[in-house]
1. What number of residues within segment 16-51 satisfy the criterion of being outside any loop (DSSP other than H, G, I, E, B), of a type in the set (D, E, K, R) and under 24 Å from residue 243 (Cβ atoms)?
2. So residue 55 fits all but one of (1) out of contact with any Lys or Arg (no Cβ under 8 Å at 6 or more places or on another chain); (2) among the small types (Gly, Ala, Ser); (3) modelled with pLDDT of 95 or more; what number is the exception?
3. Going by what's in this entry, would residue 13 be described as in a loop (DSSP other than H, G, I, E, B), small (Gly, Ala, Ser), more than 18 Å from residue 163 (Cα to Cα) and modelled with pLDDT of 95 or more?
4. Of all residues in segment 112-133, count the ones that are surrounded by 13 or more Cβ atoms within 10 Å (Cβ to Cβ) and in a loop (DSSP other than H, G, I, E, B).
5. Consider residue 54 carefully, then state whether it is within 16 Å of ligand 1 (Cβ to nearest atom), in contact with an Asp or Glu (Cβ under 7 Å, 6 or more places away or on another chain), assigned to a loop (DSSP other than H, G, I, E, B) and aliphatic (A, V, I, L, M).
6. Select from segment 271-285 the residues that are of a type outside the set (Lys, Arg) and either touching a Gly at 6+ places or on another chain (Cβ under 7 Å) or assigned to a loop (DSSP other than H, G, I, E, B) (or both) and list them in ascending order.
7. Restricting attention to segment 233-262, report how many residues are out of contact with any Phe, Trp or Tyr (no Cβ under 8 Å at 6 or more places or on another chain), farther than 22 Å from residue 59 by Cα and surrounded by 14 or more Cβ atoms within 10 Å (Cβ to Cβ).
Amino acid sequence: MAKKDETPIGPTGRPYHGFPTPPKLAQHGPARIVSLCNQKGGVGKTTTTINLAAALADYGRKVLAVDFDPQGALSAGLGIQTHDVTTVYDLLVDSKRDPRDAILPTAVANLDVIPANIDLSAAEVQLVNEVARESILSRVLRKVAPDYDVVFIDCQPSLGLLTVNALTASHGVLIPLECEYFALRGVALLIETVDKVRDRLNPTLQLDGLLATMYDGRTLHSREVLGRVVDAFGDDVLETVIGRTVKFPDASVSGMPITEFAPEHKAAQAYRRLARELVSRGAVA
Ligand code: ADP
Ligand code: MG
């Protein structure tokens, strides 16, 4: 039996815990709402939203993933075609619309999605003159939150009005960071934005953690970047680190989460571990 002092050290320099399998929930909802946010593109926001959502759904959580990027990559990655469907844009611009009209099931049990498409790129401009323009998404999600255990919002790479809407609607924010030089550039500004939203719009908004992605432990480069991230943010850096793997592009093309496409792949295991870590931290029910 492993003694306490034999717990291996993980890539963040802290003990590497397995985290227990989350107990089944006796009842569902209301959801905690979590935004995945980084104004830098290509850091793993969408990949993390899809696979974390699927992992939690596999643990019996009722999960809603909201595509909040006009590129629609979350919708596509979950096998949803976004042509001729009700999207999050329709819900934002018409407050009388029932958000349930936009919810679609996915191939993963317990995982639903509100899709987005290029229409959403017009929303930023259209909503500027609305009353309480920062809390429009919050009002939309309030109506469906009772039906879920967790709602994830996959943000677009910007700190504009849509992202402020996501943060205003959220209980927590998760920041994926690519283990590359310049990973930290922009994070200070992002955290400043989170602080401003907490101050002015959403006093209970929490930083749920920073998630290192695309880590390659064989390179000094990746190890140095992760070291720097840990130096800067300490325990806010999640213990779970997502390794770099070519399986992700494959999984996106398949329109399935990697947890379904290649459930035993180490990246699928990493996302299940992330799900367990977030439950252990209380960020998810
Ligand atoms: P974002 O939503 O932040 O723009 P994505 O999740 O779309 O980022 O990821 C950007 C690209 O990197 C995608 O092509 C995706 O398949 C790939 N990718 C994501 N995570 C990993 C990873 N851990 N290893 C290798 N490629 C990854
Ligand atoms: Mg994305």
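The values are calculated or read from the model by the stated rules, or taken from the named source; none is laboratory data. Since the model is a prediction, treat every value here as computed from it, not as a measurement. We place every Cβ from the backbone using ideal geometry, glycine too, and count neighbours over all the protein chains shown.
1. First, pick out the residues of segment 16-51 that are outside any loop (DSSP other than H, G, I, E, B): 32-36, 45-51.
This time we only want the ones that are of a type in the set (D, E, K, R), so: 32, 45.
When the remaining residues are screened for being under 24 Å from residue 243 (Cβ atoms), the result is 45.
So the count comes out to 1.
2. (1)
3. Values: in a loop (DSSP other than H, G, I, E, B): yes; small (Gly, Ala, Ser): yes; more than 18 Å from residue 163 (Cα to Cα): yes; modelled with pLDDT of 95 or more: no.
No: the conditions fail for residue 13.
4. Of the residues in that region, 4 qualify.
5. No; evaluated as a whole, the condition is false for this residue.
6. 282, 283, 284, 285
7. 4
Condition check ((1) over 19 Å from residue 47 (Cα atoms); (2) at pLDDT below 95; (3) of a type in the set (S, T, N, Q)) across all residues:
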position	(1), (2), (3)
158	no, no, yes
164	yes, no, no
172	no, no, no
175	no, no, no
180	no, yes, no
183	no, yes, no
190	yes, no, no
194	yes, no, no
200	yes, no, no
